[in-house]
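Report on the structure given below.
None of the figures in this text is laboratory data; all of them are computed from the coordinates on show. No experiment lies behind these values; they were computed from the predicted model shown. Note that we place each Cβ from the backbone using ideal geometry, even for glycine, and neighbour counts take in every protein chain shown.
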Amino acid sequence: MNFKFCFSALVSFAAATLASAATLTVDVAKPGATINPAMWGIFFEDINFGADGGLYAELVKNRGFEFPEPLMGWAKLVPPKGSGTVTVRDDKPFNAANPHYVRVQSEFDGPIGLSNEGFRGIGLKQGESYNFSARIRNVSGTPKLTIRLYGGDGAVLDSLELKNVTGDWAKYEGALHPNETSAKSWLAVIVEGKGTLDLDFISLFPAQTWKNRAGGLRADMVQALADLHPGFLRFPGGCIVEGKVLATRYQWKNTLGPVEERKVLVNRWNYEFLHRPAPDYYQSFGLGFFEYFQLCEDIGAQPLPILNCGMACQFNSSELCPLDQLDTYIQDAIDLIEFANGAVTTPWGAKRAALGHPEPFNMKLLGVGNEQWGQEYIDRYTKFAEALKARHPEISLISAAGPSPDDTRFKFAWEKLVPLHADIIDEHSYAKPEWFLDSAHRYDAYDRHGPKVFMGEYAAQSVSTVNVKNRNDFECALSEAAFLTGLERNADVVRMASYAPLFAHIDAWQWTPNLIWTDNLRIMRTPNYHVQSLFSRNRGDQVLPVAISGASATESKRTYASVVFDAATNEVILKLVNATAAPVKNTVNLAGVKTLKHGTLTVLQSDDLVAVNTLDNPTHVSPRVSEFAPAAPTFDLTLPANSFTVVRVGVVR
Ligand code: AHR
């Protein structure tokens with residue numbers, strides 16, 4: 001389709017005969033609030049196999065045999081007549097932190113061994129290279145050790161032999177090159193000939209990771225994040241910060257250093273939703289805090305770590321750390337700031353340097369607790385704030401306001417946090433599209449002198465909150481676009497925003513909707529992703545006042561507008577949502593502008609409100625860009641039915 005023709009047909013200029021239903025007057029001469037350059041960001045949590053089985057590119061599940069069922073994800077390949085044994089042991093391990101390993105004892109010629117199913121299969125691409133590694137110890141004999149990749153149909157895709165295994169634990173490596181692409185492959189480790197081998201930390205990574213780092217991140221997933229031009233990255237969650245009980249909370253210090261020393265922990269989404277159980281969901285912490293900071297740096301996002309504040313998830317145990325024992329938690333926060341920003345001569349700055357990053361990460365934001373609520377939270381936040389503000393007034397603290405944007409927990413939090421002069425309050429909303437349309441003016445009435453707002457988790461729910469039938473449909477995306485115009489217009493109050501959750505594996509999700517869906521080989525950006533991207537990639541520096549007049553009652557209720565100025569390019573950027581089922585003709589008046597320059601028009605539109613993108617058809621709902629060159633600062637613009645339009649146009653004032 002000729003998009004240029006298509007969209008220029010929708011646009012007519014002042015000279016044309018289209019009648020205007022409404023006039024949008026933008027006062028370009030009177031810029032308002034300054035927009036936080038880091039306003040539009042990313043929320044990351046290891047939910048839906050977002051980290052293990054997702055962003056973290058390890059292809060072997062339970063590589064160290066440390067799940068409570070040590071052979072979960074593995075199958076023994078033992079011949080029927082019993083010519084050997086495969087047993088799990090923990091005596092004389094190569095690593096005391098993760099002590100379990102497997103002993104394969106082959107009594108005759110074999111073969112005998114074990115196979116790994118990956119994370120709902122192993123995704124392999126023909127023509128790419130995969131790095132296998134394992135810790136191995138020869139106990140007796142000189143058995144042959146073969147590593148083999150099988151396709152989903154059982155065909156051998158490639159194999160390699162590891163030789164000269166010695167009697168001490170050592171790392172053995174080799175490269176595999178599958179001769180076919182397969183999303184559901186599996187890995188086999190096969191011993192042949194009389195003898196015994198111990199095996200641990202069996203790992204397979206694509207050679208082509210993000211920036212080709214060994215043991216790194218899945219490149220296509222990071223690229224999707226980088227393409228958002230995110231202002232910040234919030235990590236590691238989400239409820240995962242809290243743990244079902246405090247013992248299973250996220251502890252950042254346990255996520256540093258050699259990956260084989262990072263102690264495996266249950267993922268709280270393993271058992272959270274009984275209707276979507278994931279008994280094989282554990283945290284390897286291969287994606288740990290150093291890697292999160294590095295990722296932020298890679299994609300130009302400010303790091304926003306969230307730490308446990310001495311409260312386990314209030315939807316689960318609600319376990320509390322007593323107030324007089326909070327010191328460890330507060331010290332974790334102080335140490336984290338030193339780890340991120342401290343000189344290399346400080347203890348934690350030195351640890352950062354030892355990991356290969358002597359330069360500071362320039363962290364400016366820190367979340368105290370995730371989605372907590374009640375007096376218990378206020379008590380703990382107060383202690384954190386006192387300690388952190390005394391030592392690090394340069395760090396802005398994010399405080400919680402519970403899981404809902406308007407219930408008693410939310411109101412209580414605001415009542416208590418205002419007198420405490422909280423910096424930024426984290427609001428959450430998972431609601432129907434109507435809530436997002438109706439809430440586009442929510443922040444117009446907020447106190448301009450109170451705490452700032454971080455709209456830290458939100459997503460329109462097509463059916464109801466946490467309903468498994470929720471879909472990332474176009475109606476949800478459009479309602480989010482309408483809501484975001486309200487956030488941007490109120491950029492003096494709302495300083496940051498992020499959609500949640502971020503990633504979901506199509507075969508392993510617990511929660512829907514999500515911004516980006518993947519399988520073992522592919523990735524799909526939802527319509528909601530495109531909304532995020534259009535806001536983030538069209539951020540400006542200052543809000544421009546916009547007034548709508550002359551619209552019909554329905555149109556004025558369902559037309560949403562936000563306009564900003566981009567000083568670097570001298571452009572006015574209009575973001576306009578028409579959430580009615582008919583096109584709306586507008587006259588746009590850029591008051592205070594002498595002449596216009598060349599621009600672009602980007603439209604995200606669908607006549608089908610339930611339209612979705614899929615892994616097979618990932619671009620079904622996508623933005624379409626055309627050139628835009630109105631002749632004068634007053635021009636006509638027709639917003640298609642159910643559409644989100646972004647206009648960028650250079651101006652001479
Ligand atoms: O985004 C999914 C979950 O929703 C987050 O973990 C939690 O903070 C919220 O309840």
Which of the aspartates and glutamates could a cross-linker bridge to residue 184, judged by Cα under 19 Å and excluding same-chain residues fewer than eight apart?
-> 52, 58, 117, 128, 153, 158, 220, 280, 507, 519, 616
Relative to the chain, whose Cα atoms define the longest principal axis, helix 527-536 and its Cα axis are tilted in degrees, nearest 10, by 70 degrees
In this structure, the FRET efficiency calculated for residue 597 and residue 362 from their beta-carbon separation, with R0 = 25 Å, to the nearest 0.05, is 0.10
Extension gain (nm, one decimal) between residue 212 and residue 391, 0.36 nm per residue minus Cα-Cα | 60.6 nm
Taking only DSSP H segments of four or more residues, each worth -39500 (n - 2.57), what value at 222 nm results for the chain once the sum is divided by all its residues, to the nearest 500 deg cm²/dmol?
-> -5500 deg cm²/dmol
Computed over the chain: longest principal axis from alpha-carbon atoms vs helix 374-391 long axis, angle to nearest 10 degrees, is 90 degrees
Between region 18-48 and region 105-134, the alpha-carbon center distance in angstrom | 50 Å
To the nearest Å, what is the center-to-center distance of region 144-192 and region 453-499, using C-alpha atoms only?
-> 45 Å
Karplus (6.51, -1.76, 1.60) ³J(HN,Hα), θ = phi - 60°, over region 300-316, in Hz, Gly and Pro reported as x | x, 9, 5, x, 10, x, 10, 10, 5, 10, x, 9, 7, 3, 7, 7, 10
Stretched out fully, how many nm does the piece from residue 641 to residue 447 gain, at 0.36 nm a residue minus the Cα gap?
-> 66.4 nm
Coarse-grained scattering of the chain at q = 0.07, 0.08, 0.10, 0.11 Å⁻¹, given as base-10 log I(q)/I(0) from a Debye sum over alpha-carbon atoms = -0.50, -0.64, -0.94, -1.09
Rounded to the nearest Å, the spacing of the alpha-carbon centers of region 250-309 and region 346-417 is 18 Å
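Rank-order 132-139, 572-579 by packing density, defined as the average count of other C-beta atoms within 10 Å over each peptide's residues, highest first.
Numbers: 132-139: 20.5, 572-579: 25.5.
Final packing ranking: 572-579, 132-139.
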In whole Hz, the Karplus estimates of ³J(HN,Hα) for region 196-202 (6.51, -1.76, 1.60; θ = phi - 60°; x where Gly or Pro) are 9, 10, 9, 9, 8, 6, 7
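I need the Kirkwood Rh of region 74-206: take the reciprocal of the average 1/r across all distinct C-alpha pairs and report it in angstrom.
Working: mean 1/r = 0.0668 Å⁻¹.
After inverting the mean inverse Cα-Cα distance, the result is 15.0 Å.
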So which of 30/594; 92/163; 364/411; 30/557 end up more than 20 Å apart by C-alpha?
-> 92/163; 364/411; 30/557
In degrees between 0 and 90, to the nearest 10, how far off the longest principal axis of the chain does helix 474-489 point, with axes built from Cα atoms?
-> 60 degrees
Karplus-derived HN-Hα couplings along region 568-575 (A = 6.51, B = -1.76, C = 1.60, θ = phi - 60°), whole Hz, x at Gly and Pro = 5, 10, 6, 10, 8, 10, 9, 10
Cα-projected label distance for residue 344 with residue 581, points at 7 Å along beta-carbon direction, nm | 6.5 nm
Any aspartates and glutamates whose Cα falls less than 19 Å from that of residue 416, other than same-chain ones fewer than 8 residues away, would be 371, 376, 379, 386, 406, 407, 426, 427, 447
May I ask you to list the GluC sites (Glu not before Pro) in region 262-341 that are in a DSSP loop and have at most 16 other Cβ atoms within 10 Å of their Cβ?
-> none
